[in-house]
Amino acid sequence: RVDGGSCHRRGAPTGSTSNRIRGQSSVAQQPLHTAQKPRKGEHKWAAVVGLEIHAQISSNSKLFSGSQVRFSAPPNSLVSFFDASLPGTLPVLNRRCVEAAVMTGLALNCHINKKSLFDRKHYFYADLPGRSRVR
């Protein structure tokens, strides 16, 4: 997911798509009702469930470097300076991947934020010599 964007559907789709109007849900969207009235200072809460879905975007280069992506390439043959975590190297965002992610989000009727932020996440694993990943 290109963070900053989230996918909020307008209700759970049920039945045939031809019988539904776009954006209209067959699930009744009503206020939360309880058997008892809330006490003073208490709030009514409704459960909200979110899904994080990981999908591979078809691209000729990596998300944060210009290195090529080729399944049949020998190990460590398609590595850029950024991939190797050399000091002073900065990530370069792959425009094609962002466009594909936005188009997918729009096709799924998701809300796309106009601004996305990426953070460098630090790890202490022996197999990550640079000790960080962009998330």
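If only residues of the range 77-135 that are among the charged types (D, E, K, R), within 20 Å of Q56 (Cβ to Cβ) and modelled with pLDDT of 90 or more are counted, the one that is surrounded by the fewest Cβ atoms within 10 Å (Cβ to Cβ) is R95. Within the range 35-91, the set of residues being among the charged types (D, E, K, R) and either in contact with a helix residue (DSSP H, G or I) (Cβ under 7 Å, 6 or more places away or on another chain) or under 30 Å from H111 (Cβ atoms) (or both) comprises K44, E52, K62. Screening R96 on (1) in a helix (DSSP H, G or I); (2) charged (D, E, K, R); (3) free of Cβ contacts under 8 Å to residues at least 12 places away in the same chain shows it passes everything except condition (3). Taking the numbered list (1) modelled with pLDDT of 90 or more; (2) within 20 Å of the chain's Cα centre (by Cα) in turn, A55 passes all entries but (1). Note on the range 106-126: residues that are in a loop (DSSP other than H, G, I, E, B), within 29 Å of S85 (Cβ to Cβ) and touching a strand residue (DSSP E or B) at 6+ places or on another chain (Cβ under 9 Å) amount to 4.
The values are calculated or read from the model by the stated rules, or taken from the named source; none is laboratory data. Given the structure is predicted, the values throughout are model-derived calculations rather than measurements. When we count neighbours, we look across all protein chains shown, and the Cβ atoms used for this are built from the backbone with ideal geometry, even at glycine.
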